[in-house]
Amino acid sequence: LATHNKWKIHSFDISQAFLQAHPLPSDSRLYVRPPPGDFAPPGTIWHLHKPLYGLAIAPRSWSDTLKHFLRGYGFTSVDSSECFFKWTDNKGSHLHLIVHVDDICVSHNSDSALDSFRSALLTRFQGTFEQNVTRYLGIDVYQSSHSLHLSQEHLARDLLDRTDMATCNPV
C-alpha cells in the first residue's frame, strides 16, 4: 500500500515495552522471589503489579495496553488483525501501522498526521522514532518513490559466517 500510494514509511521502537504495560488486575496472583543479590530477608516473596519480561502474561498485557492506546487514538484493526491497524481523518489523512510486539512500522500520506501521532505515542510510551525505516524486524528496507525492496542478505551472510560456509561454492 505504501509503495502503491507513494507513502513514506517510518518506524517506532518502544523501550522496555512490558514495563510500560497497564498494571495487572488487582486480583492477579503473580509472585516472584527476589533476584540473587537483593538484600530482602530470607523467605521474601514479591507480589507483582506489572508484568515482567519472561512471564507468559507479559506479551498479552503489553499488547492489550498498546491496542487500548491505538483504539483510543482512533485506530481500527484491519480485517480483525492483531497487528495491522489503520487511522483516517475527515481530511483524507491516513496512517497504517504494522505492530510486532514493541516494533511499529507506520506508513502515511500526511506529515502533520504522523507528527500528531508520534507526539501522542512517545508521550504515552518511552521509545524512539526512525525517520526513514532502514530495518524492520531484521529485514533491510530500501524505499524509492516507485519501489520497495526488502532484503535479508545480512542474515544470510551472518548464517554463512557462523557455519563456516562464507567461502563455499555458491552452487
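Numbers below:
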read-out	value
Extension gain from Thr123 to Thr44, taking 0.36 nm per residue of separation minus the Cα-Cα distance	24.9 nm
Choice from His49, His108, His100 showing the highest fluctuation, given a GNM over the chain with Cα pairs closer than 10 Å	His49
Zone of Tyr73's modelled label, taken as backbone nitrogen in region 17-44 under 18 Å from a point 7 Å along Cα→Cβ	17-22
Percent of alpha-carbon pairs separated by more than 21 Å within the chain	60 percent
Length-normalised contact order of region 36-171 in % [C-alpha pairs under 8 Å, at least 6 apart]	9 percent
With every protein chain in place, the chain: carbon and sulfur % of accessible area (1.4 Å)	55 percent
Net dipole in debye of region 21-151 [+1 Lys, Arg Cβ; -1 Asp, Glu Cβ; about Cα centre; nearest 20]	300 debye
Centre separation in Å (Cα based) which lies between region 1-28 and region 69-87	11 Å
For the chain, built as a Gaussian network whose Cα springs stay under 10 Å, the top-fluctuating residue of Tyr53, Tyr31, Tyr136	Tyr31
Value of [θ]222 nm, deg cm²/dmol, for the chain, DSSP H segments ≥ 4, -39500 (n - 2.57) each, nearest 500	-8000 deg cm²/dmol
Highest-MSF residue in the chain out of Val133, Val99, Val32 [GNM, Cα springs under 10 Å]	Val32
Positive dipole terminus of the chain, leading residue within Tyr31, Leu137, Gln152 (C-beta point charges)	Tyr31
Stretch gain in nm, segment Ser15-Ser112, where the contour uses 0.36 nm per residue and the Cα spacing is subtracted	32.5 nm
Viscosity 1.306 mPa s, 10 °C: Kirkwood-radius Stokes-Einstein D of region 6-89 over Cα pairs, µm²/s	102 µm²/s
Heavy-atom accessible area per residue - the chain, 1.4 Å, Å²	66 Å²
Leu160 versus His100: modelled label distance in nm, points set 7 Å from Cα along the beta carbon direction	2.2 nm
In the chain, lysine pairs with alpha-carbon atoms under 26 angstrom apart (chain gap of 8 or more, or interchain)	8
Potential extension, Gln152-Asn90 segment - 0.36 nm per residue separation minus Cα distance	18.5 nm
Per-pair calculated FRET efficiency, R0 = 22 Å: Arg60 and Ile139 via Cβ, rounded to 0.05	0.30
With at most 16 neighbouring Cβ atoms within 10 Å, loop trypsin sites (Lys or Arg not before Pro) (DSSP) excluded, longest segment of the chain	92-171
Dimensionless Rg over Rh [region 107-166; C-alpha; Kirkwood]	1.15
Amide H contacts under 5 Å for Ser28, placed H, 5+ residues apart	none
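The values are calculated or read from the model by the stated rules, or taken from the named source; none is laboratory data. These numbers come from a predicted model, not from an experiment. Glycine also receives a Cβ, built like all others from the backbone with ideal geometry; neighbour counts cover every protein chain displayed. Just so you know, the surface numbers come from the protein's heavy atoms only, side chains and all, with ligands and any DNA or RNA stripped out. Shrake-Rupley method; radii C 1.70, N 1.55, O 1.52, S 1.80 Å.
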